[in-house]
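J.: The structure's right below; bear with me while I get my questions together.
Bear in mind that the values in this text are calculations on the coordinates, not laboratory data. Every value quoted in this text rests on a predicted model; they were computed, and no experiment measured them. Positions of Cβ are generated from backbone atoms using ideal geometry, with glycine treated the same way; all protein chains shown enter the neighbour counts.
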Amino acid sequence: MPSEASESFEALYAQLEEHARRLEQGNLPLEESLKLYEEGAALVDRLRALLEGAELKLQHIQQRLEADEGRLMEIEEDYEADGDDVEF
């Protein structure tokens, strides 16, 4: 299998689906079934790690947006406190 960094979530998920499809057919030798099951479990681990990483990125983005919103509200409050009679 190619390295984890080079594979997208979608590619890994497609591999997992293929493993599941082959296992569901039920006509594989035991050793091959075990190998596919083990590889499938490893794919699940990698997919979970990718999802957790994406979730962390989303949380960081949300925190930045909330912090920016707070700063904008402070600026707006300062502007309103100074009055609307600004001359250009």
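J.: Gain in length, residue 61 to residue 75, computed as 0.36 nm per residue apart minus the alpha-carbon separation, to one decimal in nm?
T.: Difference between extended and current length: 2.9 nm.
J.: With the dipole of the chain worked out from charges on the C-beta (+1 for Lys and Arg, -1 for Asp and Glu) around the Cα centre, which of 33, 56, 20 lies farthest toward the positive end?
T.: 33
J.: Quote the Stokes-Einstein diffusion coefficient, in whole µm² s⁻¹, for the chain, based on the Kirkwood radius over alpha carbon pairs, a temperature of 37 °C and a viscosity of 0.692 mPa s.
T.: This corresponds to a translational diffusion coefficient of 190 µm²/s.
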